[in-house]
Amino acid sequence: LFAKLKDPSLVIDKALIAGEWVARSDTGQTFEVVNPSNGEVIATLPDMNRAEAFRAINAAYRAQKDWARRTGKERAGILRKLYDLIVANADDLAAILTIEMGKPLAEAKGEVLYGASYVEWFGEEAKRVYGDTIPGHLQDKRIIVIKQPVGVVAAITPWNFPNAMLARKFAPAVAAGCAIVSKPAAETPLSALSFALLAQRAGVPDGIFSVILSNDSPSVGREFTENEKVRKLTFTGSTGVGKILMRQGAEQIMKLGLELGGNAPFIVFEDADLDAAVEGAMISKYRNNGQTCVCANRLYVQSGVYDAFSEKLAAKVGIMKIGDGFEPGVSAGPLITEAAVAKVTEHIADALEKGAKVAVGGKPDARGGLFFQPTVLTGVTMEMKVAREETFGPVAPLFKFDTEEDVIEMANNTEFGLASYFYSKDMAKIFRVAEALEYGMVGINTGLISTEVAPFGGIKQSGQGREGSKYGIEDYVEVKYLCLSV
Ligand code: ADP
């Protein structure tokens, strides 16, 4: 498959440390990356640990001072070049992403362009990191507020969006004048490496961006949180690992950006446009095979439209094409690992045991491997695992509700607070419900909310900080106030 790329040099089996491509780890150990669609080994990479992370951090520390001194316009120019390179190479980047992660090629290309949009946006923002002047508190005082880059940033990213989750961290960090040392998920490191190569070609200086390759993430995570040269850690992944990193970072009061798990409610009121709600549910639930932190995890449907909604949804889900991401028309690729398949299987079994029914799907696909049938469950209740845990797979559990008060209580009854969705045409209800939902993001009559121009992020145990929009750059700058006596 790699042979078909326009630019095969984008497939890399080396880490990028301090501007050097490093083929061997200090220990000589390696790890393998497999295509989840067929189990084939697609790369063997150096398995690094905190020693290599330490070197990358030192290089970042040295390079960052000069980078911070450059004008915003200069940094913007390099990010613009990178944006153009990503767009020009989008087909190759998408193919690499599909090979290592499994998502359908069209979705992979969408992700690459979505990631690029952050590079474009934050390049533009690089010129607009405005400070403030504040009227002095005494006649002879003048007060000026400036914003400065936080310094060296460490980034840990997950496998579900191997390109975009890195782009969302790299772009604001580099735009603000920080240096960034990253560690992609061991399942999907190739996308990060091609991204790094393009960043190098665009003129991002040596040391400003490093990619550590490691299958020993706790070791690298230790260095990222314990090295005092690192001033901020940005992490996208599970809430459990987020807590570990927060505890470790506490020792040096590390600044943290955390994008953690979600348990998104998707509410359909009786006055909703049902077809639009079904359409939104398809996108929100089944995009990336249900493996996104903003995927609808619990679908609450008001009693009067419950049967109609479940029939329409099951009909659409029943015709989804399962297969390898390169097959034309495929909308559901493989799940990422055996563990992911096991969790989906367990959640369905638990629900069925407690009285739920399968409207469509419910089983591993006949293809075997990591393929699982997109599933709709009806008759789901709050006692089932799907009510509390993030399934992270193609399962839509449909809960029935009667009143607005009930559904808001159920929707908020979780430790998570990332994305939420609801469908209604009643303007007063729209504002009431949107304000009552305890979530960082609310999709109203839409199932797709991610864009570089809006602040992505969660509350409660879904994390802290925001990615994207004018708010996003704030996570990578420190406010300093100058008090002048004149
Ligand atoms: P997921 O369920 O998406 O795999 P994880 O939180 O386990 O979620 O993984 C997200 C990222 O965090 C990956 O890059 C993974 O390697 C990394 N990671 C996992 N455990 C740790 C840890 N203890 N310290 C640092 N990074 C970790």
Helix 303-318 axis, angle to the chain major axis (alpha carbon atoms, nearest 10°): 70
Partners for LYS425 among aspartates and glutamates (Cα-Cα distance below 20 Å; same-chain residues under 8 apart left out): GLU270, ASP271, ASP273, ASP275, GLU279, ASP307, ASP402, GLU404, GLU405, ASP406, GLU435
GLU438/VAL34 FRET efficiency (R0 41 Å; Cβ-Cβ; nearest 0.05): 0.60
Percent of beta bridges antiparallel (DSSP, the chain, rounded to nearest 5): 45
Virtual spin-label span in nm between ARG62 and THR403, 7 Å along Cα→Cβ: 6.8
Linear extension gain, GLN148 paired with VAL87, 0.36 nm per residue minus alpha-carbon span: 19.0 nm
Computed E for ASP273/MET382 - FRET, C-beta separation, R0 25 angstrom, nearest 0.05: 0.40
Sulfur and carbon atoms: percent of accessible area, the chain [1.4 Å]: 54
Charge tally in the Cβ shell below 15 Å around LYS312, where Lys, Arg are +1 and Asp, Glu are -1, LYS312 excluded: -4
Whichever aspartates and glutamates have a C-alpha closer than 19 Å to that of LYS229, once near sequence neighbours (fewer than 8 apart) are set aside: GLU52, ASP66, ASP206, GLU251, ASP475, GLU478
Mean-position separation - Cα centroids, the range 175-237 and the range 27-106, in angstrom: 8
Over 29 Å between alpha carbons, listed pairs LYS316/LYS363; LYS285/LYS357; LYS232/LYS285; LYS103/LYS255: LYS232/LYS285; LYS103/LYS255
The range 328-377 pair-distance distribution - Cα-Cα, 10 Å bins, rounded %: 25, 53, 20, 2
Sum of side-chain charges, GLY115 neighbourhood, beta-carbon under 13 Å (Lys, Arg +1; Asp, Glu -1): -2
³J(HN,Hα) computed for each position of the range 74-79 - Karplus, 6.51 cos²θ - 1.76 cosθ + 1.60, integer Hz, glycine/proline x: 5, 5, 4, x, 5, 5
Residue order for HIS137, HIS347 - accessible surface, 1.4 angstrom probe, largest first: HIS137, HIS347
Given LYS354/LYS460; LYS343/LYS385; LYS169/LYS470, the pairs whose alpha carbons are separated by over 20 Å: LYS354/LYS460
Stretchable slack from ASP206 to ALA3, in nm (0.36 nm times residue separation minus alpha-carbon distance): 70.2 nm
Quarter of the Cα convex hull surface for the range 170-261, i.e. its orientation-mean projected area (nm²): 5.9
Shape of the range 193-322, Cα gyration tensor, a/c cut at 1.5: prolate
Translational diffusion coefficient (Stokes-Einstein; Kirkwood radius from C-alpha pairs) of the chain at 10 °C, 1.306 mPa s, in µm²/s: 68
Under-5 Å amide H pairs with ALA43, H placed in peptide plane, nonlocal only: VAL33
The range 1-151: proportion of alpha-carbon pairs further apart than 23 angstrom, %: 58
Largest to smallest accessible area among ARG432, ARG222 [probe 1.4 Å]: ARG432, ARG222
Calculated SAXS-style log₁₀ I(q)/I(0) at q = 0.15, 0.17, 0.18, 0.19 Å⁻¹ - the range 370-479, Debye, Cα scatterers: -0.80, -0.99, -1.08, -1.16
Tensor-based shape of the range 39-83 (alpha-carbon gyration tensor, a/c under 1.5 rounded, otherwise prolate or oblate): oblate
Solvent-accessible area per residue for the chain (1.4 angstrom probe, square angstrom): 39
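The values are calculated or read from the model by the stated rules, or taken from the named source; none is laboratory data. Given the structure is predicted, the values throughout are model-derived calculations rather than measurements. No Cβ is skipped: glycine too gets one built from the backbone with ideal geometry, and neighbour counts run over all protein chains shown. Surface areas here come from the heavy atoms of the whole protein model, side chains and all, with no ligands, DNA or RNA. Shrake-Rupley method; radii C 1.70, N 1.55, O 1.52, S 1.80 Å.
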